[in-house]
Amino acid sequence: MTTPASRKRPIVTIYVRKEEEKVYNALMLEDLSVAELKSAVSRKYGVPVESIKNVYKKTKRGLLVNFDNQMVEQFSDEDDFIIKFDFDNQTGHVHLYILST
């Protein structure tokens, strides 16, 4: 069981919201990795972490980029993003899009 004293202190906190939300949610990342990002999104939005198959970044110019650990390492404390979930009902997979604000 994890107690507050045994939890790692977050390395970085980012703010995310879905397009239809007016208020941002804080995601506290204890590790700068795609796996930790998926886990934080899963905890906050109730999407099973194993169903999140791909994470993409959509740039302001509209480019779609595969999200990797190096991109997560570039997060700065209090960065903010819009997130979008694309559910594939046939496979049960979710594609997560991180959009620059």
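The values are calculated or read from the model by the stated rules, or taken from the named source; none is laboratory data. Every value quoted in this text rests on a predicted model; they were computed, and no experiment measured them. Don't worry about glycine lacking a Cβ; one is built from the backbone with ideal geometry, like all the others, and counts go over all protein chains shown. Note: accessible area is taken over every heavy atom of the protein model, side chains too, but ligands, DNA and RNA are not part of it. Shrake-Rupley method; radii C 1.70, N 1.55, O 1.52, S 1.80 Å.
Data overview
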{"quantity": "Pick from region 42-68, criterion polar (S, T, N, Q) and either within 12 Å of the chain's Cα centre (by Cα) or within 21 Å of LYS22 (Cβ to Cβ) (or both), ranking: surrounded by the most Cβ atoms within 10 Å (Cβ to Cβ)", "calculated": "SER42"}
{"quantity": "Members of region 11-57 found to be assigned to a loop (DSSP other than H, G, I, E, B), hydrophobic (A, V, I, L, M, F, W, C) and free of Cβ contacts under 8 Å to residues at least 12 places away in the same chain, listed by number", "calculated": "VAL23"}
{"quantity": "Failed condition for GLN74, given (1) surrounded by fewer than 16 Cβ atoms within 10 Å (Cβ to Cβ); (2) touching a Leu at 6+ places or on another chain (Cβ under 7 Å)", "calculated": "(2)"}
{"quantity": "Test for VAL23: is it open to solvent by less than 90 Å² (accessible area, probe 1.4 Å) and of a type outside the set (S, T, N, Q)", "calculated": "no"}
{"quantity": "Residues that are open to solvent by less than 60 Å² (accessible area, probe 1.4 Å) and either within 10 Å of the chain's Cα centre (by Cα) or farther than 23 Å from VAL12 by Cβ (or both), drawn from region 78-93", "calculated": "PHE81, ILE82, ILE83, ASP88, GLY92"}
